[in-house]
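Engineer: Here's a structure for you.
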Amino acid sequence: MSTAPALAGPDAADAAGKGPRAPALMAVVALVGFVTTLDNTIVAAAAPSIGRELGLSLATLQWISIAYMLPYAGLLLAAGALIDRLGRQRVLLAGCAVFAAGALLGGFARSPELLLVARVTQGVAAAFIVPGTLSLIRTELPAPRRAAAIAVWTATLACALALGPWLGGALAEHLHWSWIFLSNLPFVGATWLLLARTSRAEPARSGAPVRLGATTLVTVSLVLLTASVVTSGGVAITGLLGGAGLLGLLAFVACERRAAVPLVPVRLRTNRVFLGANALILLWGLGISGIVFFTPLLYQDFLGMGPEAAGLPLVVVAGAVICTTPFVPAVTRALGPHRAVCLGLLALAAGLVQLAVVNDETTMAPRLAGLVLAGAGSAFTAPITGHALERIGEDDTGTASGLLTASRELSSAFGVALIGIVLTSVRAGEIAAGAAEGPALGTGYAAGLVVAAVLQLAGAALALVVLRPRPAAKSLPSKECEET
């Protein structure tokens with residue numbers, strides 16, 4: 001790891017965690033994490049209202065979500081590399097402006113074409129804003145504040161994931177669906193102003209050209225992989241898209257091995273902690289994302305709740321995340337990141353199992369304990385990202401943040417597909433055996449909960465290995481910082 005230079009004046013106060021920049025940057029972290037994740041989930045509950053007003057078919061409606069997810073997931077790695085080369089401030093300010101333009105266009109769009117353009121615009125902007133913000137935590141915040149910032153980041157992601165379906169339904173029901181886009185503007189405007197006043201301008205890095213061929217190849221490959229699990233074109237189309245995306249990624253890896261200046265530096269590809277953190281994020285997302293996606297459906301079709309009320313159980317999860325987050329940095333310092341993450345994933349697994357055990361109940365009360373455990377456990381996944389970013393050099397924070405975010409986005413898409421396969425397979429078997437539609441859905445959902453819990457248990461075991469602190473070593477220059 002690189003050593004910090006001596007600071008004086010205001011920067012010295014910031015290094016102690018007491019300067020004026022640190023709270024503002026923490027606010028940026030919270031705002032960006034919340035609004036970019038919310039745009040992934042808020043559209044689902046409002047989709048029926050959009051479809052009725054614009055006369056859209058179900059197949060067209062799903063593209064309102066997909067049009068955001070595809071450029072977001074596909075551009076993350078390329079965006080992270082560009083951030084490292086062009087500088088964080090200029091990329092973040094431009095990204096916020098583009099995201100706001102997309103939100104404004106979406107709010108006033110009254111045709112499917114304009115709405116899809118708005119969503120693509122927001123997805124492209126989010127691909128640059130998210131890794132840029134994560135890299136600020138590593139490069140702009142003093143060390144004492146980083147763990148808290150990562151905890152805030154994780155909490156806002158979890159809250160947006162949980163609150164999105166409920167908030168989308170509430171805005172569409174009580175105001176108008178356009179407000180799911182227009183409500184982005186205050187968040188993005190505040191983020192832009194805070195960034196303009198607090199982040200430091202950086203010169204573009206010379207001698208590190210952007211390889212357009214590799215950038216295009218990895219972007220197209222990630223888009224194809226994401227499309228294979230979020231589109232509903234049948235088994236043949238899914239296999240074709242997924243196979244093409246996988247082949248593209250393999251070709252990208254082969255090109256990277258021969259490149260003189262690879263898009264992903266060798267020091268990241270050989271960093272044990274960084275690779276392990278990506279694996280942990282994949283396991284967490286594979287389990288929890290599908291459960292979040294299908295929970296409102298279960299509560300509507302099995303418990304008979306309305307669209308807005310069906311999202312309230314996830315609000316309990318968000319509340320548990322918020323209440324637990326302040327304790328995460330202290331527990332991480334006391335136990336170490338490996339034990340803190342392990343305990344968090346064990347708590348999450350226990351919550352999922354408890355929800356599966358009481359799934360036959362037709363009231364909410366028996367489910368509260370499992371929902372609270374799931375939220376509290378998810379809050380303790382924060383050290384995964386923080387520990388990974390601490391183990392890489394400052395020159396690589398954009399690329400590293402892009403990779404970590406790409407892992408989360410891909411795991412979200414594949415998690416919905418995985419839990420969906422489990423749920424629908426078990427549900428079909430139950431119906432074939434004579435079960436009614438509602439109970440069959442409940443049984444399939446319970447099976448999905450068990451699969452998600454197993455994935456969290458695997459993550460808990462992995463965390464003890466890959467996040468375990470190593471004996472202290474001599475400090476290395478930023479560009480040579482890698483895990484052996």
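Engineer: Give region 103-155 a look and list any residue that's of a type in the set (S, T, N, Q) and part of a helix (DSSP H, G or I), or say none. So that I can check it myself, show each step before the final result.
Structural biologist: To start, the set of residues in region 103-155 that are of a type in the set (S, T, N, Q) comprises 111, 121-122, 133, 135, 139, 154.
Residues satisfying the conditions are Thr121, Gln122, Thr133, Ser135, Thr139, Thr154.
Engineer: Here is a follow-up. Just wondering, is there one or more residues in region 89-100 that are assigned to a helix (DSSP H, G or I), at pLDDT below 90, surrounded by fewer than 18 Cβ atoms within 10 Å (Cβ to Cβ) and basic (Lys, Arg)?
Structural biologist: yes
One line per residue, one yes/no per condition, for (1) under 31 Å from the mean Cα position of the chain (by Cα); (2) assigned by TED's automatic domain parsing to the domain that holds Ile384; (3) crowded, with 23+ Cβ neighbours inside 10 Å:
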residue: Val426; (1), (2), (3): yes, yes, no
residue: Ala432; (1), (2), (3): no, yes, no
residue: Ala435; (1), (2), (3): no, yes, no
residue: Gly444; (1), (2), (3): yes, yes, yes
residue: Leu449; (1), (2), (3): yes, yes, yes
residue: Val454; (1), (2), (3): yes, yes, no
residue: Gly459; (1), (2), (3): yes, yes, yes
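Engineer: On to the next question. With the condition kept exactly as written, say whether any residue in region 352-370 is within 30 Å of Arg138 (Cα to Cα), among the polar types (S, T, N, Q) and assigned to a helix (DSSP H, G or I). I'd like the intermediate steps shown before the answer.
Structural biologist: Of all residues in region 352-370, those within 30 Å of Arg138 (Cα to Cα) come to none.
Among the residues of region 352-370, not one is within 30 Å of Arg138 (Cα to Cα), among the polar types (S, T, N, Q) and assigned to a helix (DSSP H, G or I), which makes the answer no.
Engineer: Give the number of residues within region 368-390 that are surrounded by fewer than 22 Cβ atoms within 10 Å (Cβ to Cβ) and over 20 Å from the mean Cα position of the chain (by Cα).
Structural biologist: Qualifying residue count for the region: 3.
Engineer: For Thr133, indicate whether it is within 19 Å of Leu157 (Cα to Cα), at pLDDT 85 or above, out of contact with any Leu (no Cβ under 6 Å at 6 or more places or on another chain) and among the β-branched types (Val, Ile, Thr). Lay out the reasoning, then the answer.
Structural biologist: Numbers: within 19 Å of Leu157 (Cα to Cα): yes; at pLDDT 85 or above: yes; out of contact with any Leu (no Cβ under 6 Å at 6 or more places or on another chain): yes; among the β-branched types (Val, Ile, Thr): yes.
The answer is yes for Thr133.
Engineer: Check every one of the helices (runs of 4 or more DSSP H) wholly within region 260-325 and list those with 3 or more residues that are assigned by TED's automatic domain parsing to the domain that holds Gly442 and touching a Leu at 6+ places or on another chain (Cβ under 6 Å). Working first, answer last.
Structural biologist: Numbers: elements: 266-269, 272-301, 307-310, 312-324.
It comes to 272-301, 312-324.
Conditions (1) assigned to a helix (DSSP H, G or I); (2) within 30 Å of Asp395 (Cβ to Cβ); (3) in contact (Cβ under 8 Å) with a residue 40 or more places away in the chain, marked per residue:
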{"site": "Ser49", "(1), (2), (3)": "yes, no, yes"}
{"site": "Leu56", "(1), (2), (3)": "no, no, yes"}
{"site": "Ile66", "(1), (2), (3)": "yes, no, yes"}
{"site": "Leu70", "(1), (2), (3)": "yes, yes, yes"}
{"site": "Gly74", "(1), (2), (3)": "yes, yes, yes"}
{"site": "Ala79", "(1), (2), (3)": "yes, yes, yes"}
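Engineer: Among the candidates Ala340, Ala318, Ala277, which residue alone is buried (at least 22 other Cβ atoms within 10 Å of the Cβ) and in contact with a Cys (Cβ under 6 Å, 6 or more places away or on another chain)?
Structural biologist: Values: Ala340 fails: in contact with a Cys (Cβ under 6 Å, 6 or more places away or on another chain); Ala277 fails: in contact with a Cys (Cβ under 6 Å, 6 or more places away or on another chain).
Result of the check over Ala340, Ala318, Ala277: Ala318.
Engineer: Is it the case that region 44-57 has a residue that's under 28 Å from Leu403 (Cα atoms), assigned by TED's automatic domain parsing to the domain that holds Val416 and modelled with pLDDT of 80 or more? First the steps, then the outcome.
Structural biologist: First pass over region 44-57, keeping only residues under 28 Å from Leu403 (Cα atoms): 44.
Then drop every residue that is not assigned by TED's automatic domain parsing to the domain that holds Val416, which leaves 44.
Next, only the ones that are modelled with pLDDT of 80 or more stay: none.
Scanning region 44-57, I find no residue that is under 28 Å from Leu403 (Cα atoms), assigned by TED's automatic domain parsing to the domain that holds Val416 and modelled with pLDDT of 80 or more, so the answer is no.
Engineer: With Val416, Val353 as the choices, which residue is assigned by TED's automatic domain parsing to the domain that holds Ala78, within 24 Å of Asn40 (Cα to Cα) and surrounded by fewer than 24 Cβ atoms within 10 Å (Cβ to Cβ)?
Structural biologist: Values: Val353 fails: within 24 Å of Asn40 (Cα to Cα).
So the residue among Val416, Val353 that is assigned by TED's automatic domain parsing to the domain that holds Ala78, within 24 Å of Asn40 (Cα to Cα) and surrounded by fewer than 24 Cβ atoms within 10 Å (Cβ to Cβ) is Val416.
The values are calculated or read from the model by the stated rules, or taken from the named source; none is laboratory data. This is a predicted model, so every value here is computed, not measured. Here the Cβ is made from the backbone with ideal geometry for all residues, glycine too, and neighbour counts use every protein chain on show.
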